[in-house]
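In what follows, a single structure is set out as structure tokens and then discussed.
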Amino acid sequence: MLDVQKIRADFPILFREVYGHPLVYLDNGATTQKPRAVVDAMMDEYLNVNANVHRGVHYLSQQATDLHEQARETVRRFINARSTAEVIFTRGTTESINLVASSFGQAFLHDDDEVILTEMEHHSNIVPWQLLQARTRIIIKVCPITDEGRLDMEVLPTLFSDKTRLLSCTYVSNVLGTVNPVRDIIQLAHQHNVPVLIDAAQAAPHLPIDVQELDCDFLAFSGHKIYGPTGIGVLYGKEQILEQMPPYMGGGEMIGKVSFQHTTFNNLPYKFEAGTPDYVATTGLARALDYVGAIGFSAIQQHEQELTQYAREQLSQIPGMRLFPPSDDAVISFLVGNIHHLDLGTLLDRLGIAVRTGHHCAEPLMHRLGIEGTVRASFALYNTCEEVDKLIAAINRIRQMF
Ligand code: PMP
């Protein structure tokens, strides 16, 4: 069992007040709060270790490089990659997916080749493919969702053809909280010799990820959604595919030898890490993953699923409530009567409750649902049933105003 009060003590921001109310932070799908251990580790590195990595012979540079590479090993362990060569640091999920679209696209996607996406993707798993489309005439096929908010697994197999080169889909929907059957999807794609990219932005904070067990070819996640710093994320890729992909950006770090006639590139993962990396953020990310690892996903999942189920039950009793299923995990989207989502979100804020409103960077999904936006409550390991009760009471109060 998770000792939530002990955990909350690690997150100073949770003790703030907003408009005279104790903060109820339910916007964890957008970004999570940071435990003191993460911020302390980063502050310590800036104040006591700081030097550029991989470049200096001097003591501080060696120490900073050690911390940076230890962080890579921490990420490797966290996702159970075979080697640190498969762990590329990026600015986040968005950059990870853009890297694949650009570099894998250049190597493997030619005119008339096909990429399969799904109707529940975040814009960051749609637009990079459209940008590629502007350069190469690839075809984007989209797996629809059912009325229950799940991928239509009857349609998906029919989307493959001998032109399909990649399937890219989210593990957990940031709007509907759907946990997709990614193992089945990966197996199906592999039967067609199609590699798979998993967007794990909303999965990594909530469920254990084992890239070898999943057998995904790429996987992306962001540090800031898993209690780590902003501006750092991860792209995992299978070594034999990454080896065949050209660099994404050029600059320092990613080269072997440079001349005006001929330049060679560095080994993995550095080939994809041009320029000075955010080596302080990698330390912070490693601390965040250690923090989550010390609590353990079985306790986290049990707590968050109890919380999600409780919230679903309580919300469903509010007259006029429209829930957008299935909310398998930590994310609940809803609308109440004909109150505009923005009004509801703004009024909840005045009562100290932070939720997300709008299209959640998933406009195609909004079109499918026939709406403009929702209110989204998303949970983290430090949220409590009392906070859900405050959300319910606040919605009821606002409902009476309308
Ligand atoms: N994919 C999903 C499913 C997300 O929820 C998000 C963030 N809302 C992203 C990708 C993009 O993550 P980031 O902005 O950290 O790059």
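Can you give me the % of accessible surface on region 35-170 that is carbon or sulfur? Probe 1.4 Å, all protein chains present, nothing else counted.
Within region 35-170, the accessible surface is 51 percent carbon and sulfur.
If you take the beta carbon distance between GLU363 and HIS262 as r and set R0 to 41 Å, what does 1/(1 + (r/R0)^6) give as a FRET efficiency, to the nearest 0.05?
0.35
Please list the non-local residues whose amide H lies under 5 Å from the amide H of ILE139, H modeled 1.01 Å from N, same-chain partners needing a gap of 5 or more.
Sorted by chain and number, the residues that satisfy this are ASP112, ASP113, GLU114, VAL115.
Given contacts defined as C-alpha pairs under 8 Å and at least six residues apart, what's the relative contact order of the chain, whole-number percent?
It rounds to 23 percent for the chain.
Restricting to DSSP H runs of at least four residues, report the calculated mean residue ellipticity at 222 nm for the chain, -39500 (n - 2.57) per run over all residues, nearest 500 deg cm²/dmol.
Counting only the DSSP helices, I get -10500 deg cm²/dmol.
Figure the gain on full extension for ARG55 and ILE371 (residue separation times 0.36 nm, minus the Cα-Cα span) and round it to one decimal in nm.
Value of the extension gain: 108.6 nm.
What does a probe at ASP10 reach in region 19-34, counting residues whose amide N is under 20 Å from the point 7 Å along Cα→Cβ?
Answer for region 19-34: 24-34.
How far, in degrees from 0 to 90, does helix 385-401 lean away from the longest principal axis of the Cα atoms of the chain, to the nearest 10?
Between the helix axis and the principal axis of the chain, the angle is about 60 degrees.
Rolling a 1.4 angstrom probe over the protein chains, ignoring ligands and nucleic acids, what is the accessible area of HIS58 in square angstrom, nearest 10?
Its heavy atoms expose roughly 100 Å² to the probe.
With +1 on the Cβ of every Lys and Arg and -1 on the Cβ of every Asp and Glu, and nothing else charged, how large is the dipole of the chain about its Cα centre, in debye rounded to the nearest 20?
Its charge dipole is roughly 660 debye.
What lysines sit close enough to LYS141 to cross-link, taking a C-alpha to C-alpha distance under 21 Å and skipping anything fewer than 8 places away on the same chain?
LYS163
Using alpha-carbon positions, what is the distance between the centroids of region 226-279 and region 85-137, in Å?
Each part's Cα centre sits 16 Å from the other's.
For Cα pairs less than 8 Å apart in space and 6+ apart in sequence, what is the mean separation divided by the residue count of region 175-292, i.e. the relative contact order in percent?
20
Which Cα, out of ILE332, GLN261, PHE297, lies furthest along the positive dipole direction of the chain (beta carbon charges, K/R +1, D/E -1)?
GLN261
Which net charge results when you count Lys and Arg as +1 and Asp and Glu as -1 among the other residues whose beta-carbon is under 14 Å from that of ILE398?
For residues surrounding ILE398, the net value is +2.
Can you tell me the 0 to 90 degree angle between the C-alpha axis of helix 297-316 and the longest principal axis of the chain, rounded to 10?
40
Net charge within 9 Å of SER161 by Cβ-Cβ distance, Lys/Arg positive one each and Asp/Glu negative one each, not counting SER161 itself?
Every neighbour counted, the sum reads 0.
To test your reading of the geometry: what angle, between 0 and 90 degrees and rounded to tens, separates the Cα axis of helix 341-350 from the longest principal axis of the chain?
80
Taking a label point 7 Å from the Cα of GLN106 along the Cα→Cβ vector, which residues of region 220-250 have an amide N closer than 19 Å to it?
Flagged as within label range: 235-250.
Just check the chain against the gyration tensor rule for me: Cα atoms, a ≥ b ≥ c as the square roots of the eigenvalues, rounded for a/c under 1.5, and otherwise prolate or oblate depending on whether a/b exceeds b/c.
Oblate, since a/c reaches 1.5 and b/c is not below a/b.
For the chain, what is the accessible area per residue in Å² when the probe is 1.4 Å?
Using a 1.4 Å probe on heavy atoms only, each residue of the chain averages 42 Å².
Determine the sum of side-chain charges near HIS367: Lys and Arg each +1, Asp and Glu each -1, restricted to other residues whose C-beta is under 13 angstrom from that of HIS367.
-3
For the modelled label position 7 Å from the Cα of GLN130 along Cα-to-Cβ, which residues of region 359-389 have backbone nitrogen atoms closer than 20 Å?
359-374, by backbone N distance to the label point.
The values are calculated or read from the model by the stated rules, or taken from the named source; none is laboratory data. All of these numbers come straight from a predicted model, not from anything done at the bench. Cβ: placed from backbone, ideal geometry, glycine included. Neighbour counts: every protein chain shown. Surface accessibility is based on the protein's heavy atoms, side chains included, excluding ligands, DNA and RNA. Shrake-Rupley method; radii C 1.70, N 1.55, O 1.52, S 1.80 Å.
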